[in-house]
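> Structure provided below as structure tokens; questions to follow.
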Amino acid sequence: MRPKKAIRNIIYTGKYKNQEAVFKIYDDFRITDEPISLKIFNKVNKSNILKAPELFNYKIINSKKGWLVMERIPEQAKTFKTPLNSGEQREFLNLFLEYKKYFPKKPTRDLLLAENLSSDKFQITRLNNGF
């Protein structure tokens, strides 16, 4: 474990190739794959609503250390504000973790034809058919 006063991240804002950017140096006590996760998410993400900053450059020193340069999120960008207080957030997260831990990973019955659709197409079908 790391001392409480140890610095995990140093973040600078500036420009990278004439674009507003954030330069982040990380030295985390936990294993992290932030640059790779960001790169992969942006590669496969097709959402017009849920976005992540563009990754301009990065270097992974080891599983806990490295740096990255990513798009700076504009001040006026919409962010999600939870309507839950901290106790309600903890309760929700505990319930969600319990759900993820114990809910079956595979179907426990033969699926209906519509249930074999991708999750987005299945939900659209449900909505169009009035559930």
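Each value in this text was obtained by applying a stated rule to the coordinates, not by laboratory testing. Quick caveat: nothing in here was measured; it's all calculated off a predicted structure. Because the Cβ atoms are built from the backbone with ideal geometry, glycine has one as well, and the counts that use them run over all protein chains shown.
> Which whole-angstrom value gives the distance between the alpha carbon centres of region 91-105 and region 23-39?
Centre-to-centre (Cα) distance: 26 Å.
> Here's another thing I want to ask about it. Rank the residues 8, 72, 30 as a footprinting-exposure proxy: fewest other Cβ atoms within 10 Å of their Cβ go first.
30, 8, 72
> What share of Cα pairs, in percent, lie more than 19 angstrom apart in the chain?
Everything past 19 Å amounts to 72 percent.
> Would you mind ranking 58, 26 so that the residue whose beta carbon has the fewest other beta carbons within 10 Å leads the list? Walk me through the numbers on the way to the answer.
Numbers: 58 16, 26 19.
Listing 58, 26 from fewest to most nearby Cβ atoms yields 58, 26.
> How large is the translational diffusion coefficient of region 86-128 in µm² per second when you combine the Kirkwood radius over alpha carbon pairs with Stokes-Einstein at 37 °C and 0.692 mPa s?
257 µm²/s
> Next up: Considering amide H positions built from the backbone, and no H for Pro or chain starts, which residues 5 or more places from residue 16, or on another chain, come under 5 Å of its amide H?
Residues meeting the criterion, in which the H sits 1.01 Å from N, are 21.
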